[in-house]
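Throughout, read-outs are computed from the coordinates displayed, never taken from laboratory work. Predicted model only: the values in this text are computed from it and were never measured.
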Amino acid sequence: MSAPDRILRVKIQLDDWRPVIWRRVDVPATASLKALHDLIQAVMPFEGYHLFEFRADDRRYAIPDPEWDSFGTKTVSAKSIRIGSLVERGISQLAYTYDFGDDWRFTIMVEADQEADPTLEYPRFLDGEGRAPPEDVGGLSGFETFLEAMADPQHEEHEDVRRWYGGPFDPADIGHAEILKRVDKLARRRVLGKAGFAKSRGLIQ
């Protein structure tokens, strides 16, 4: 199976939280870790305001920053590493951290390596459970307080929290329509990118 024909089925799960918040997606094996970051942001969904990193096999993958590397941990560019290349090295699980302030930690598990369906566009969102935390809610402890205040109209912070978030928050509603919209945008960007690459090399007119 050649690399462009391979699709990886990936499960994304928030660490240290119950009930479990997770998403399952299909992503091209040729996608970079930066593209996987964009997909995670789309399916949670987050807004991409903050820094991120992946860790696997004692290596750190992120957007290189000389200041970070000065601490002794060399950063490999997430834009230059393909997910499929990690799988070929026997890596099927990665640690992903988003927003080093709130410190959202996820486990990324490659569940399957399979042929692409030529009738479908990738990446694809498949399923999941649980509404993801809002941006800047204050990490796991802040999210717990947020949920308590949202669920109880008598809570002293209920009105403030609702106003800050901009409306009600249903922990069971993952926001399926919004996720599909975001992932479709990524899929279209990928298709247009491939077409632009082919055109630049005279493969299409």
Debye equation applied to the C-alpha atoms of the range 49-143, log10 I(q)/I(0) at 0.17, 0.23 Å⁻¹: -0.97, -1.30
Total lysine pairs whose alpha carbons fall under 28 Å of each other in the chain (8 or more apart, or interchain): 20
Cα-based radius of gyration of the range 90-193 once divided by 2.2 N^0.38 Å, which approximates compact folds: 1.37
P(r), alpha carbons of the range 97-147 - 5 Å bins starting at zero, rounded %: 4, 14, 19, 17, 14, 13, 9, 7, 3, 0
Folded to 0 to 90 degrees: helix 139-151 orientation relative to the chain principal axis, Cα: 50 degrees
Per-selection Kirkwood Rh - the chain (Cα, Å, 1 d.p.): 18.4 Å
Choice from ARG124, ARG188, ARG18 showing the highest fluctuation, given a GNM over the chain with Cα pairs closer than 10 Å: ARG18
Length added when fully stretched, ALA151-ASP57, from 0.36 nm per residue minus Cα-Cα: 29.7 nm
Beta bridges by DSSP in the chain, antiparallel share as percent, to the nearest 5: 90 percent
Helix-derived mean residue ellipticity, 222 nm - over the chain, DSSP H n ≥ 4, -39500 (n - 2.57), to 500: -10000 deg cm²/dmol
Potential extension, LEU126-ASP173 segment - 0.36 nm per residue separation minus Cα distance: 15.4 nm
Cα coordinate range in the range 1-58, projected on the principal axes (Å, largest first): 38, 26, 24
C-alpha center-to-center spacing [the range 138-182, the range 1-40] in angstrom: 25 Å
Relative contact order, percent, the chain [alpha-carbon distance under 8 Å, six or more residues apart]: 25 percent
Extension gain (nm, one decimal) between ARG18 and LYS185, 0.36 nm per residue minus Cα-Cα: 57.1 nm
Three-way shape call for the range 24-86 based on the alpha-carbon gyration tensor, with the a/c threshold at 1.5: oblate
